[in-house]
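Only one structure is covered here, and it is reproduced in the block below.
The values are calculated or read from the model by the stated rules, or taken from the named source; none is laboratory data. Quick caveat: nothing in here was measured; it's all calculated off a predicted structure. Every residue, glycine as well, gets a Cβ built from its backbone with ideal geometry; the counts of neighbours run over all protein chains shown.
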Amino acid sequence: MTIENIMNRKSIRNYTGEPVHGAALEKLTAFINELNESAGIFGNKIRLQYIESNSDTGKLGTYGVIKGARSFFAAACKKNAYYYMEDVGYQFEKLVLFATGLGLATVILGGTFSRGSFSRAIGLKEDEILPLVSPVGYAGGKKSLLGRMIKSKSGDRKPWSELFFDGDLHTPLSESDEFAAVLEAVRRAPSAINAQPWRIVRDGGAGYHFYSAGKIEMNRADMGIALCHFEIAAAEKGFTGQFQVLEQNNVENAKYLISFVRG
């Protein structure tokens with residue numbers, strides 16, 4: 001997983017209908033097993049699974065949003081665990097970016113899928129929920145009408161000055177900041193209804209504080225995706241540090257989540 005994967009990832013809604021196969025499937029399976037043995041930033045283990053639409057699973061429905069997909073990722077997690085949705089987004093995005101590096105197409109779905117069919121396919125347990133799925137496969141064919149409408153409304157990313165700040169949420173951070181490439185990787189993160197809820201405030205030399213201006217539950221997963229992008233890009237650029245939950249106050253309409261403390 002690299003900054004290049006982050007920049008190359010696109011939301012693809014049309015597929016050839018061919019399931020993932022060969023070396024790509026072997027690598028995906030191994031990586032999923034690795035992720036399932038690890039935990040997210042807040043300590044939650046997320047159950048990730050690769051599934052195919054076949055006679056055993058039945059049709060895995062996406063309400064016409066996705067065309068031609070036969071292979072999917074699904075993420076299940078324990079209900080009401082501490083910051084479970086943030087860890088779902090964090091772990092799921094790792095898998096999506098890994099798939100991107102293999103040349104596979106994806107698009108994260110938080111609502112436009114049949115939870116019943118996917119829940120049966122992964123054997124969802126009573127104490128679990130199923131927040132996210134994604135088709136995974138080979139891009140191709142024409143988009144469905146609904147897929148084209150969603151794409152046309154996805155919009156561009158917010159400008160730097162609305163996302164990254166210096167000291168408070170009123171002072172935009174200079175785009176020449178030493179973490180500029182890392183923050184740009186965060187800016188490129190996908191989010192539900194393109195809300196881009198992350199707000200990051202630099203605190204002198206101490207680090208970078210993450211706040212959420214999200215208004216819906218799925219924006220919590222978006223924050224996990226942003227943390228994933230930050231971590232990958234910071235490591236690639238050689239910055240050292242760790243995520244810590246500090247005693248920070250919420251500010252205006254943004255809720256404090258966590259900080260990256262330089263070290």
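Values computed for the structure shown
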item: All helices (runs of 4 or more DSSP H) inside region 99-216 with 1 or more residues being at pLDDT 90 or above and closer than 26 Å to residue 3 by Cβ; result: 180-187
item: Verdict on residue 30 being more than 18 Å from the chain's Cα centre (by Cα) and at pLDDT 90 or above; result: yes
item: Matching residues in region 244-261 - criterion: being of a type outside the set (S, T, N, Q), out of contact with any Ser or Thr (no Cβ under 7 Å at 6 or more places or on another chain) and not in a loop (DSSP other than H, G, I, E, B); result: 251, 256, 258, 260, 261
item: Close pairs (8 angstrom Cβ cut-off, 6 or more residues apart or separate chains): at positive phi in region 16-42, in a helix (DSSP H, G or I) and surrounded by 14 or more Cβ atoms within 10 Å (Cβ to Cβ) anywhere; result: none
item: Yes/no for residue 70 being touching a Pro at 6+ places or on another chain (Cβ under 6 Å), in contact (Cβ under 8 Å) with a residue 40 or more places away in the chain and surrounded by fewer than 23 Cβ atoms within 10 Å (Cβ to Cβ); result: yes
item: Close pairs (7 angstrom Cβ cut-off, 6 or more residues apart or separate chains): in contact (Cβ under 8 Å) with a residue 60 or more places away in the chain in region 243-255, buried (at least 16 other Cβ atoms within 10 Å of the Cβ) and among the charged types (D, E, K, R) anywhere; result: 254/199
item: Residue among 40, 17, 64 that is surrounded by fewer than 14 Cβ atoms within 10 Å (Cβ to Cβ), small (Gly, Ala, Ser) and not in a helix (DSSP H, G or I); result: 64
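Table: residues versus (1) crowded, with 16+ Cβ neighbours inside 10 Å; (2) not charged (D, E, K, R).
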| site | (1), (2) |
| --- | --- |
| 179 | yes, yes |
| 189 | yes, yes |
| 199 | yes, no |
| 209 | yes, yes |
| 215 | no, no |
| 222 | yes, no |
| 231 | yes, no |
| 236 | yes, no |
| 246 | no, yes |
